[in-house]
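Read the structure below first, then the notes.
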Amino acid sequence: MFFNWGFMKKTVKELRKNQYLTAKEFADKLHIDTIDVLNMDERRLKDIEEPLKSEMIPILRGDYMDRLPN
């Protein structure tokens, strides 16, 4: 739990930009509208509601990149 402490305090926009994702690309990966991503960009990750947060964390950490074919 302690390893996520700094990660959870960052804003969604900052974490999204660290993965080089635009709002549209991020929305496509989450299967939500782009305007919803733009509305939550300035919120911290720890302030996002749980069902959506659990879908966002692997994308914002870059875990989805581990499953790409070579």
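The values are calculated or read from the model by the stated rules, or taken from the named source; none is laboratory data. No experiment lies behind these values; they were computed from the predicted model shown. Ideal geometry is used to build each Cβ from the backbone, glycine not excepted, and the neighbour counts take in all protein chains shown.
Structure values in brief
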item: Close pairs from the stretch 14-33: first hydrophobic (A, V, I, L, M, F, W, C), partner outside any helix (DSSP H, G or I), Cβ under 8 Å, at least 6 apart; result: 23/41; 27/33
item: Some residue of the stretch 6-28 being of a type in the set (A, V, I, L, M), over 11 Å from the mean Cα position of the chain (by Cα) and either modelled with pLDDT under 95 or closer than 17 Å to residue 64 by Cβ (or both); result: no
item: Subset tally (residues that are modelled with pLDDT under 95 and not aliphatic (A, V, I, L, M)) for the stretch 32-46; result: 1
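Here is a yes/no grid of residues against (1) polar (S, T, N, Q); (2) loosely packed, with under 15 Cβ neighbours inside 10 Å; (3) in a helix (DSSP H, G or I):
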site	(1), (2), (3)
5	no, yes, yes
13	no, no, yes
16	no, no, yes
36	no, yes, yes
42	no, yes, no
53	no, no, yes
